[in-house]
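The values are calculated or read from the model by the stated rules, or taken from the named source; none is laboratory data. Since the structure is predicted, the reported quantities are computational estimates derived from the model, not experimental observations. All Cβ positions, even for glycine, are placed from backbone atoms using ideal geometry, and neighbour counts span all protein chains on display. Remember, those area values only see protein heavy atoms, side chains included, never the ligands or the DNA or RNA. Shrake-Rupley method; radii C 1.70, N 1.55, O 1.52, S 1.80 Å.
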Amino acid sequence: MDALWWNLDYVAAVILFCIGLYTVVARNNLIKKLLGLNIMETAVFAFIVTTGSVDGGAAPLVGADALPPFASPVPHAMVLTGIVVAVSVTALALSLIVAVYRDHRTLEADELREID
Amino acid sequence: MNRLLASLATAAVGIPMLAGVAQLPRVGAPGAPVHTHVAAQYLAGSPDATGAENVVTGVLLNYRAFDTFGEVMIIFAALAAVLAVLSPVAEAIGMPKDQPSGTEHARHRRAPPVSPIVAFVLRLTAPFIIAFAVWMMLKGHLTPGGGFQGGAMIGALLILLSIMLERDNLWPRVPERLVRGLQAAAPLAFGVVALVGVGLTGAVLALPASPAGHGLRELMMLTLEAGIGIGGAAIILGLFLAIRGD
Amino acid sequence: MRHWLPAVVMFPLVAAALTPFLALSRAHVARAWALLVVALTSVGAVFLTSRLVIEGPFSYAMGDWSRPYGIELRFDGFSAAILFVCLIHLLVGVYSSHYAARVISATRLPWYYTLLLLNFGGMIGFAVTGDLFNLFIFMELVSVSSYALVAIGGGRVAPLAAFRYLLAGASSSVLILFCIGVIYALTGSLNMADVSLRLGETQAPAPIALALGGLAAGFMVKAALFPLHAWLPDAHASAPSPISAVLSGVVVKLGILGLLRVYQVFHDAGGAQVAALNEVLVWLGAASILAGAFFALFQDEIKLILAYSTISNIGYIVLGLGLASQQSITGATIHVLNHALIKATLFLAAGALIHQTGCRTLHELRGAGHAMPFTSFALAVGLLAVIGVPPLAGFPGKWYVALGALSAGRPAFAMLVVLSAVLVSAYSARILNALYFQPPSHERILATHEAPTSMLLPVLILAALCLVAGVLARFPAALVGPAVARLIAPAAG
């Protein structure tokens, strides 16, 4: 239990991830499912950035007057890249939703299942 | 039933996650492998090794430039994907044409009038936004910033301008080849820098080491940043125009 | 040339970005460009494989940063699969010349070839990278292009199938990224070889189990392993046929290659966890074999039958991985390659049938075997291969897996591999029966003639490969042998 308290930030990210996963599976509307996916992605980014944090740390800018300790730069780079990937997937997902709506005039998963 | 399935799936995923996350090194612990292994070398080496005081930029454009190349390809893939999915189907032989094409609707649609306040503010601030975005792109290796951030800002500005100018048909007609070229700017920049790297140092995507190639290294980094920024802005605008139905 | 390894990844991708610029709206320029790029990359792939045969696995340090400070590209026995990726993409490109122009609208056609090149380059990058986060990036590149390629043909089902594919794929990608984050938090590194060493020294069973399980689960979704397979049938069936060939032959194997990389990374880390994973894979693989074949029996649309057949064949491969013996994993790897050939044959032949006749279901396609003799012959060869008739392409992989099951002391699974061929024969017989032994029910069948050369040639080449690949299986076996041996060697320390 103590370990969960020390790593509360991680626990929060996990809870957020679970909320997102539940939304993707349980919600009926396609856009809500997509939002669930985005919540999952945000949770993972928060988790990764947190792994790089250090007590009393500053941003990893090693200019002339910067003092250690610095946060680890690798998680920041990973998340920057990850955000771009997430945006790309979301853009494609939205355009697929537009295409589905044009064809079927509905975005509810159960109605769409009837059509198949 | 769906709720039950969802709850079970969430629990099946969440409980192992909690158990696993509990045993990770404490958040913020200075002795964790995250800080003592590769990252320590990155922080100790900059800015001499990479020429970037912003170590994150050093990681993105130097140590892990190949990842950034992959990322740039993914944004481009997103644009290709959206255009592939949303372009009109009308000319295909044998395809059912029973659905109205969304783009025709868009063209006939009456755009709502743009408030004069919005137009004024946009015209006033656009030059400053562009200046700030360009500054962020070019100074990304010294301060927080970089190609993506600057590109996103310019892209957002272009979207706003397209909304504002489209109604009065003031949106300029840009030749398609130029548009496609701008959208390919980022991969192209990476390709060029990769080849130059091979020529200069014998490894792909290698930036010449300080102190001999100091100016050249900065030039190559700026090329990458500019390519990412311009390409990103062009792609963001392209995504918006495609989804809106142009 | 020392730089073939990064070149083989970067060249097709930069070329893909240039495709719209060069071709604008002229599809034939895009097609010619794409074929040229794939052909040149294939030359590179041949060089890399020959270098592997001569000197063994080799690496390349991107940006001249040594491991683990930079990104390392690594070419080992499993990476040699890019040869098959090149082959499939070449043949699909030729096939698309006629097919895509008829099926995909002219405004979308240049993007079709762009996305194919992106998919191609991404898959090569995935196969040769030695860095975990880089693996994720290329996985996403392949995935995004795949989602779009499913939907590019339009129609009533495809966009929805693509969206469901996207939800499943993106969710699993996010899970994989989370686990990469966990691994990074544990070891401070992202290089696969370095992580493998450090995980062996780390005393943290729960996060290691979490990372292993999460990565495996994510890649199981990508490989469409039962019960995480629901996204596949509609996606592969409603995509344009050359895309179905690429999806079933190449993209779905991304999950398998991912699992192999996971095994390599966790080799020294958690013996108990890996053993548990193996057990899970054995049972889920067996379930996939049965479920896929069973569902295929009840389908009427020919491409759905083939899509369920993919799920079934992934089951054999995963069963082989889970049995974790030299023979079974070698068999799994051979089947990864041979199944790509078989499934490409089947989808391209079926696509030709559908394209020429306009009929998609077995009921409507009755009698088409006589109207389109060459295409149907190729389809028949593919079906014989997928049943596993020796010495065709489907035989050696399954044979080695069955042998592996016996040597691992689990004869029941060997029986399963052999007896499941009965199920496969059943649905193959249904197809052949409809094509050859039923009178035509549709007037279009009577008026139809054979597919054009650009479509027929790749189909026949693939069918010929199905015939010989079984006999030549010892070559890929020798190629991956050392890598497999390293995989099952007892953990160090």
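Observations on the structure shown:
- Of the DSSP H helices in chain C, those that are both long (alpha-carbon extent of 24 Å or more along the helix axis) and hydrophobic (Kyte-Doolittle mean at least -1.0) are C:4-23, C:27-55, C:82-103, C:109-128, C:132-151, C:158-187, C:205-222, C:271-297, C:302-323, C:326-357, C:411-436.
- Taking every full run of DSSP H in chain B, the ones that stretch at least 18 Å from end to end by Cα along their long axis and average -1.0 or higher on the Kyte-Doolittle scale are B:2-22, B:65-86, B:116-138, B:147-166, B:185-201, B:214-244.
- With K and R counted +1 and D and E -1, the other residues having a Cβ less than 14 Å from that of residue C:177 yield a net charge of -4.
- Area buried, chain C against chain B - accessible surface, total, 1.4 angstrom probe, square angstrom: 5300 Å²
- Total accessible area lost when C and A pair, probe 1.4 Å, Å² to nearest 100: 2700 Å²
- Rounded to the nearest whole angstrom, the semi-axes of the ellipsoid equivalent to chain C, taken from the Cα gyration tensor as √(5λ), stand at 35, 27, 20, largest first.
- Rounded percent of accessible protein surface that carbon and sulfur make up, the stretch C:184-290, 1.4 Å probe: 69 percent
- Accessible surface, per residue, of chain B when the full set of protein chains is kept, probe 1.4 Å, Å²: 45 Å²
- Accessible surface calculations at 1.4 Å, restricted to protein heavy atoms, place the stretch C:222-375 at 22 Å² per residue.
- Put a plus charge on the Cβ of each Lys and Arg, a minus charge on the Cβ of each Asp and Glu, and nothing anywhere else: the dipole of the protein assembly as shown about its Cα centre is then about 1420 debye.
- Relative contact order of chain C, defined on C-alpha pairs under 8 angstrom at six or more residues apart (%): 15 percent
- With the helix formula -39500 (n - 2.57) applied to DSSP H stretches of n ≥ 4, chain A reaches a computed 222 nm mean residue ellipticity of -24500 deg cm²/dmol.
- Amide H contacts under 5 Å for residue B:28: A:53, restricted to partners 5 or more places along the chain or on a different chain, H placed in the peptide plane at 1.01 Å from N.
- Remark: chain A carries 42 Å² of accessible area per residue (probe radius 1.4 Å; ligands, DNA and RNA excluded).
- Estimated 222 nm signal from helices in chain B, with DSSP H stretches of n ≥ 4 weighted -39500 (n - 2.57), rounded to 500: -22000 deg cm²/dmol
- Shielding by partners - mean other protein chain Cβ count within 10 Å, residues of C:306-315: 0
- Sites excluded, chymotrypsin sites (Phe, Trp or Tyr not before Pro) in DSSP loops with at most 13 other C-beta within 10 Å, longest stretch of chain C: C:1-297
- Rounded to the nearest 20, the size of the Cβ-charge dipole of the stretch C:281-425 about its Cα centre is 140 debye, with Lys and Arg at +1 and Asp and Glu at -1.
- Fraction of accessible area attributable to carbon and sulfur, chain A (%, probe 1.4 Å): 66 percent
- Pairwise burial A:B, computed as accessible area of each alone minus the pair, summed, 1.4 Å, Å²: 4300 Å²
- Projecting the Cα atoms of C:442, C:220, C:249 onto the charge dipole of chain C (Cβ charges, centred on the Cα centre) puts C:442 farthest toward the positive pole.
- Across the options C:230, C:297, C:264, the greatest Cα extent toward the positive end of the charge dipole of the stretch C:223-355 (unit charges at beta carbon of Lys, Arg, Asp, Glu) belongs to C:264.
- Heavy-atom accessible surface of the stretch C:1-65: percent carbon and sulfur, 1.4 Å: 71 percent
- Counting only other chain Cβ atoms within 10 Å of each residue's Cβ, the peptide B:49-55 averages 4.
- Dipole check for chain C: with +1 at the C-beta of Lys and Arg, -1 at the C-beta of Asp and Glu, and the Cα centre as origin, the magnitude is about 600 Debye.
- Rounded Å value of the spacing that divides the Cα centres of the stretch B:43-85 and the stretch C:77-104: 29 Å
- Rh by Kirkwood over Cα pairs, then Stokes-Einstein D for chain B at 0.692 mPa s and 37 °C, µm²/s: 151 µm²/s
- Length-normalised contact order for chain B - Cα pairs under 8 Å, 6+ apart - percent: 25 percent
- Expected-Rg normalisation [2.2 N^0.38 Å, Cα atoms] applied to the protein assembly as shown: 0.92
- Residue B:171/residue C:454 FRET efficiency (R0 45 Å; Cβ-Cβ; nearest 0.05): 0.65
- Counting only protein heavy atoms and using a 1.4 Å probe, the accessible area of residue B:218 comes to about 70 Å².
- Taking chain A and dividing mean pair separation by its residue count, relative contact order in percent (alpha carbons under 8 Å, at least six apart): 23 percent
- Dipole axis of chain B (+1 Lys, Arg; -1 Asp, Glu on Cβ), positive-most option in B:69, B:240, B:129: B:240
- Estimated FRET transfer efficiency (residue C:29, residue A:102; beta-carbon r; R0 35 Å; 0.05): 0.75
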